[in-house]
Amino acid sequence: MSLKSEIEEARQSVKTDRLQLSVGEVISMYQNGELNIQPEFQRLFRWSEEKKANLIESILIDIPIPSIFTYENEDGTWELIDGLQRISTIFEFFGVLKKLETDELLPPSALQQTTYLPSLENAVWEKSNDIEHVTFDDQKPLEKPQQLAIRRARLDVQVLKQPSDAETKFHLFQRLNRGGAYANEQEVRTCAMVMVAPEFVKRLKVLAANEKFAEMTSINDNAIQRQKDLEYVVRSLVHTYRDYDNVSDVEEFLDAKIIEILSTENVDEFEKNFKFTVDTLHGLFGTKALFPDAGTVNSPGIRFSLRSLEAVFVGILRNATEIQALGDPVAFVKTRVLDFWKQPQVDGMSASGLRGTQRLQRTIPFGSLWFTP
């Protein structure tokens, strides 16, 4: 296919409409269920109070605001792709932003003084006893002309018209949101995954919440906030069903393959094998099952590492069906794990200066072969 043909085909897959909608129209769409902000997206609403006030200031003094991106569902409703911080700030200020996964409203926000409008200090859409950090008496409701100016302000909204496949939505979301306000790659990946296969993602989250898995991977509350638990499940899933191509950046590889897996693989089988692997390892070696020299008396028990996840955990996962068919699968796993840490190749999986791409070329193939019955 020629470059010209490729360009034309790509343009067809990302066909968009560009609309100018008032803030009031966008709010009405949200309240009527015509514009959906996925709960996963709202978890990433992290703008500071300063940034929130600056956005309202920009609307009031006509400073241009970047476009909002959505995609159109088959029923004509829109899903947010990019613009979470701006949209959520406006909805919160108006007092219409809903809590995660419920219809209960979040408390409205109060503004702080800005560069051009210092009088915005403690400004609110309307007085409320629910506003945090500002007493009812200190609140300063916007006057009618200012309210109308905000309601009538135009937002540039670009609508992706019913993408032909899930991969298009996934890639567009990734491209628009990388390098933005999101804290890490997995948070962006999770939002994109939810767009493609929300029910599958819910089931992956149940696996990530497994207490035994959390203990073995040293997951604490801070790690959960950064979605490390889900990241480890995603890594396990991808490396179980797809061989590393030895070329891609690790994050790019995870992005490229998770979309295939969400659309094609049997989650029931993965859930069953995941539970077997977790229960067996935890039952044998407890919280240090994925630590160096697991199960040995002299184990240094340094810490969990991706080397262990990729070689040991994924190695067992890849062979779980065959292992479970053995007469004594637990004894097999115990022997292989204990012997794994004695192999000379293992030290080379965590050598100083070793890049993630190089590590994957060693851990996955070795672990897959090592745990083959």
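Is it true that Arg152 is of a type outside the set (A, V, I, L, M, F, W, C) and surrounded by fewer than 15 Cβ atoms within 10 Å (Cβ to Cβ)? The answer is yes for Arg152.
The set of residues in the range 319-352 that are closer than 18 Å to Ser305 by Cα and open to solvent by 70 Å² or more (accessible area, probe 1.4 Å) comprises Lys342, Pro344, Gln345, Asp347, Ser352.
Take the conditions free of Cβ contacts under 8 Å to residues at least 24 places away in the same chain and surrounded by fewer than 20 Cβ atoms within 10 Å (Cβ to Cβ) and apply them to Asn222. Does it pass?
Working: free of Cβ contacts under 8 Å to residues at least 24 places away in the same chain: yes; surrounded by fewer than 20 Cβ atoms within 10 Å (Cβ to Cβ): yes.
Here the answer is yes, as Asn222 does meet what is asked.
Number of residues in the range 106-141 that are over 12 Å from Glu57 (Cβ atoms), assigned to a loop (DSSP other than H, G, I, E, B) and open to solvent by 70 Å² or more (accessible area, probe 1.4 Å): the value is 10.
For the range 321-373, the set of residues classified as β-branched (Val, Ile, Thr) and either touching a helix residue (DSSP H, G or I) at 6+ places or on another chain (Cβ under 8 Å) or within 21 Å of Arg235 (Cα to Cα) (or both) consists of Thr321, Ile323, Val330, Val333, Val337, Val346, Thr357, Thr363, Ile364, Thr372, listed by residue number. Scanning the range 152-194 for residues that are in a loop (DSSP other than H, G, I, E, B) and either at pLDDT 70 or above or of a type in the set (Gly, Ala, Ser) (or both) returns Ala153, Lys161, Ser164, Gly179, Gly180, Ala181, Ala183, Asn184.
When Ser13 is tested against (1) open to solvent by 30 Å² or more (accessible area, probe 1.4 Å); (2) at pLDDT 85 or above; (3) small (Gly, Ala, Ser), only condition (2) is not met. Out of all the residues in the range 47-85, which are over 26 Å from Pro141 (Cβ atoms), surrounded by 21 or more Cβ atoms within 10 Å (Cβ to Cβ) and among the β-branched types (Val, Ile, Thr)? Matches in the range 47-85: Ile68, Thr70, Ile81.
The values are calculated or read from the model by the stated rules, or taken from the named source; none is laboratory data. Since the model is a prediction, treat every value here as computed from it, not as a measurement. All Cβ positions, even for glycine, are placed from backbone atoms using ideal geometry, and neighbour counts span all protein chains on display. Protein only, heavy atoms only, side chains kept; ligands, DNA and RNA dropped before computing areas. Shrake-Rupley method; radii C 1.70, N 1.55, O 1.52, S 1.80 Å.
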